[in-house]
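Notes to accompany the following structure.
Throughout, read-outs are computed from the coordinates displayed, never taken from laboratory work. Since the structure is predicted, the reported quantities are computational estimates derived from the model, not experimental observations. In this analysis, Cβ positions are derived from the backbone assuming ideal geometry, glycine residues included, and neighbour counts consider all displayed protein chains.
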Amino acid sequence: MLAEAIAAGLEGTHLWRPRSAAETIVDGELARSGARGAEHAGAERSGAERSGAEHGGARGAEHGGARGAEHGGARGAEHAGAERAGSVGGDLVWVEGLGRLRGATKEMAGSGDVLLAKVMPVLSRWRPPRRERGVVVFFTGLSGSGKSTLAKGLAEYLTGHVDRTVTLLDGDIVRRMLSSGLGFDRAGRDLNVRRIGFVAAEVARHGGIAVCAPIAPYADSRAAVRAMVEAVGDLVLVHVATPLEECERRDVKGLYKKARAGVVTQFTGISDPYDEPLDADLRVDTTGVSFEESLAVITEFLAAGGWLPTRTTPTDPQPGG
Ligand SMILES: Nc1ncnc2c1ncn2[C@@H]1O[C@H](COP(=O)(O)OS(=O)(=O)O)[C@@H](OP(=O)(O)O)[C@H]1O
Ligand SMILES: Nc1ncnc2c1ncn2[C@@H]1O[C@H](COP(=O)(O)OP(=O)(O)O)[C@@H](O)[C@H]1O
């Protein structure tokens, strides 16, 4: 009971959620067996279902046809297991810690209350509930997929609705201010993305929200970012999975045309690789979907995951409004 009391006391009941269908908690201990992952997705899923988006990946089916935004892909059964263990804020670490704590207190009969009073402040500092925990929303995707538009929209939305600092680290801005001089070869991109991860992790360390939007084409660099961020807070990886054909059709900056002509070299998707993320927390294809719809999918995901108060989703009435 002690562990449950601590989780409840922290308003952090979400922390009890196993991260995938393959992981569960049995009597306060972490086990990898089965069913509870999907069960826990229920409450989180409802908001996104209202918007016709898919959530809580164990189901895996896409709503709204080919144009629908797909949700929670990496939480799906296909990604269950090792890839997810310890990710999304390292909740398993938290759960395991509480499990161990619970085991220890069983041997200390009668001392639970005293222990609770002592450990609560420590645990609270170590792992605050998600609404207060630093979080990095990291968009990745091809040029023209919609990263900057969505990142800017999300940052503006958060600034207006959440009482926390919001830092926008857009790819273009970072390239000018933080990574000027770096090229688009592998080493340049890797360093650029790691720098973004470092700055974002510092924001998260102090309880803020960082919204990042580089292409971040390499799995290794993204993994390094995840490690940096999850040491201090949560990472929500959003794969803006707009297909190359659509990005090229948009050709917002005319770079695809130049890349096809060989004027711009090492262009992601044309002459340089993009590693499709296998660990994305959310996957959004913006093809034929309005900006407002895509943004709502993201804010609802964040609200359902406990990072935002549920009432701040764009479709819900706002205080005073
Ligand atoms: N060779 C090549 N490949 C891809 N992109 C190129 C290239 N050269 C310039 N650009 C422009 O730079 C923007 C991508 O910069 P990023 O810092 O996000 O890239 S990376 O994460 O370091 O790979 C990218 O911006 P977005 O279109 O906003 O993604 C491009 O406009
Ligand atoms: N649902 C959507 N979400 C975001 N952008 C969209 C959407 N639908 C169309 N777009 C358009 O796609 C383009 C994406 O450009 P941008 O945000 O600069 O992409 P990136 O930063 O990935 O290079 C913009 O012109 C934007 O208006």
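The fraction of Cα-Cα pairs per 5 angstrom bin, counted from 0 for segment 147-260, comes to 2, 11, 19, 22, 22, 13, 6, 3, 1, 0 percent, rounded to whole percents. Here the 3J(HN,Hα) profile of segment 180-197, calculated from phi with Karplus coefficients 6.51, -1.76 and 1.60 at θ = phi - 60°, is 5, x, 7, x, 10, 6, 4, 5, x, 5, 4, 5, 4, 5, 5, 4, 4, x Hz, Gly and Pro shown as x. For segment 189-250, what does the alpha-carbon gyration tensor say about shape, rounded, prolate or oblate, given a ≥ b ≥ c as the root eigenvalues, a/c under 1.5 as rounded, and a/b over b/c as prolate? Judged from the Cα gyration tensor, segment 189-250 comes out prolate (a/c at least 1.5, a/b above b/c). How big is D for segment 171-321, in µm² s⁻¹ as a whole number, if Stokes-Einstein is applied with the Kirkwood radius of its Cα pairs at 37 °C and 0.692 mPa s? Estimated via Stokes-Einstein, D reaches 192 µm²/s. Annotation: extensible slack from ALA187 through GLU132 equals 16.3 nm (criterion: 0.36 nm per residue apart, minus Cα-Cα distance). Residues whose amide H lies under 5 Å from that of ASP272, counting only those 5 or more places away or on a different chain, are PHE267; hydrogens are built 1.01 Å from N in the peptide plane.
Distances between placed amide hydrogens fall under 5 Å for LEU169 paired with VAL211, CYS212, ALA213, all partners being 5 or more residues away or on another chain. Were the residues from VAL263 through ALA223 laid out at 0.36 nm apart, the gain over their Cα-Cα distance would be 11.3 nm.
Panel order for HIS206, HIS161, HIS239, by other beta carbons found within 10 Å of each beta carbon, from fewest to most: HIS206, HIS161, HIS239. Less than 5 angstrom separates the built amide H of LEU235 from those of VAL88, GLY89, VAL136, all sequence-distant by 5 or more or on a different chain.
Note on GLU245/MET177: beta-carbon distance plugged into 1/(1 + (r/R0)^6) with R0 of 35 Å gives a FRET efficiency of 0.65.
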